[in-house]
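This report refers to the structure that appears directly beneath it.
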């Protein structure tokens, strides 16, 4: 068999699988969460009928002859070859996440899974910061982002590489975005909602501003998950997630993902990179330095994703009850939760955050609140919690709480926290699946 015969043979089988996946795309969101790209035919054809995706822990793939080997390593046929670059179990997760992010749209998407959420953000951002772009370069990002993202942009990109970072301090103000995005903008960046300030931004309007200047919009939707918000459908070019968080609510896996739609906007990248950004990142920039998710972690993420809509629904309902209680408590100065009418971006949240296949708004399971009495009072509240874990984690089936000023956003410094509106008395609470009444009683006790 010649090399051309190998390519034709493998691609014919690939088209058959793609047709099966396309049938699954026509199903409802919850059904895609259960099955993803692992069809019955795929199970029988390649995995001896295993009902659940097998965990491929092998480091590499063997080939039947040199023609197959050459075609695979030249990327002429789909294969996995070596697990740093690709792996079947990871591939099933990537295909599922690509399908979920494109749900309800007609455009194609691809995904690249990474070892963590921060690895996904770095992998998504770096291609736009190439030295091949001459002249000044800037990034426009909302200031209210995760502490690791703030550090990546302000330390690694700004201080170490001289790239200007223009922080948007009021992400709900479209005029502030407009004043900072220009022809030298490499990309615009936002979270929906943000961690820990629970701020939002108008995806469609910011995407329009960025696209007018030839720049893409990258959106971190970790806290909403595709069950509540799918930014690509509203104009984003790339969406990133910490798969560690809400997607893998069990708390038993670490991972990240970047998902892109075809033909993203960019005046920097090549046509090949723009056409399939996530696939290009996976096979080229990350080929030699891949911070890849492990097959075991990918499998655990797949298991949690199967019930993502119902999980996010329950956790969101609990969070709303907790937020309403906190807003009425005399020991609390302010509550940040987009489901509350008092939230400054409540209308934006109503527009973008909705449980898949329903008309019901759900606002996620992260909130934060400012304790009366300042920083020392906030520490006492955290220390008095009994079953709520004090941990720099979120997205768990168990409730966890932390004070960002001394943990997740400590390295940001006082000036950076002020810019991001993170006061020292702010407690971040990620609400779990405990009974809402027990959660309220826990907070009553903690607040004294």
_Testing residue 227 on (1) buried (at least 23 other Cβ atoms within 10 Å of the Cβ); (2) outside any helix (DSSP H, G or I); (3) touching a residue at least 40 places away in the same chain (Cβ under 8 Å), one condition comes back false. Which one is that?_
(2)
*Given the residues 265, 257, 239, which is the only one that is in contact with a strand residue (DSSP E or B) (Cβ under 9 Å, 6 or more places away or on another chain), over 21 Å from residue 145 (Cα atoms) and not assigned by TED's automatic domain parsing to the domain that holds residue 31?*
265
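Might you let me know whether the range 245-253 holds any residue that is on the phi > 0 side of the Ramachandran plot, crowded, with 24+ Cβ neighbours inside 10 Å and modelled with pLDDT of 95 or more?
Pass one, the range 245-253, residues on the phi > 0 side of the Ramachandran plot: 251.
Now drop any that are not crowded, with 24+ Cβ neighbours inside 10 Å, which leaves none.
The answer is no; no qualifying residue exists.
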*If the Cβ limit is 7 Å and pairs must be 6+ apart or interchain, which residue in the range 1-13 that is in the same structural domain as residue 42 (by TED's automatic domain parsing) and within 25 Å of residue 43 (Cα to Cα) pairs with which residue that is assigned to a helix (DSSP H, G or I) and modelled with pLDDT of 80 or more?*
6/67; 6/68; 6/71; 7/71
*asked:* For the list (1) surrounded by fewer than 20 Cβ atoms within 10 Å (Cβ to Cβ); (2) under 21 Å from the mean Cα position of the chain (by Cα); (3) at pLDDT 95 or above, I need the number of the one condition that residue 48 fails.
replied: (2)
*Would it be correct to say that residue 92 is touching a helix residue (DSSP H, G or I) at 6+ places or on another chain (Cβ under 7 Å) and assigned to a loop (DSSP other than H, G, I, E, B)?*
no
*Quick one: which of 71, 30 is part of a helix (DSSP H, G or I), closer than 30 Å to residue 312 by Cβ and in contact with a helix residue (DSSP H, G or I) (Cβ under 9 Å, 6 or more places away or on another chain)?*
30
*Being in contact with a helix residue (DSSP H, G or I) (Cβ under 7 Å, 6 or more places away or on another chain) and surrounded by fewer than 18 Cβ atoms within 10 Å (Cβ to Cβ) is the filter here, so list the residues in the range 173-204 that pass it.*
174, 178, 204
*Among what's in the range 255-293 and is part of a loop (DSSP other than H, G, I, E, B) and without any contact (Cβ under 8 Å) to a residue 12 or more places away in the chain, pick the residue that is surrounded by the most Cβ atoms within 10 Å (Cβ to Cβ).*
284
*Within the range 295-305, identify whether any single residue is surrounded by fewer than 23 Cβ atoms within 10 Å (Cβ to Cβ) and in a loop (DSSP other than H, G, I, E, B), and answer yes or no.*
no
*Tell me which of these residue 379 doesn't satisfy, since it passes every other one: (1) part of a strand (DSSP E or B); (2) over 22 Å from the mean Cα position of the chain (by Cα).*
(1)
*Quick one: what pairs do we get from the range 60-77, first residue free of Cβ contacts under 8 Å to residues at least 24 places away in the same chain, second part of a helix (DSSP H, G or I) and surrounded by 16 or more Cβ atoms within 10 Å (Cβ to Cβ), C-beta under 6 Å, 6+ apart or different chains?*
63/69
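So how many residues does the range 326-337 have that are touching a residue at least 12 places away in the same chain (Cβ under 8 Å) and out of contact with any strand residue (DSSP E or B) (no Cβ under 9 Å at 6 or more places or on another chain)? Talk me through it step by step, then tell me what you get.
Filtering the range 326-337 for residues touching a residue at least 12 places away in the same chain (Cβ under 8 Å) gives 326-327, 329-337.
If we keep only those that are out of contact with any strand residue (DSSP E or B) (no Cβ under 9 Å at 6 or more places or on another chain) as well, we get 330.
Residues flagged as touching a residue at least 12 places away in the same chain (Cβ under 8 Å) and out of contact with any strand residue (DSSP E or B) (no Cβ under 9 Å at 6 or more places or on another chain) within the range 326-337 amount to 1.
The values are calculated or read from the model by the stated rules, or taken from the named source; none is laboratory data. Just so it is clear, the model here is predicted, and its values are computed rather than measured. Cβ coordinates were reconstructed from backbone atoms using ideal geometry, including for glycine residues, and neighbour counts include every protein chain displayed.
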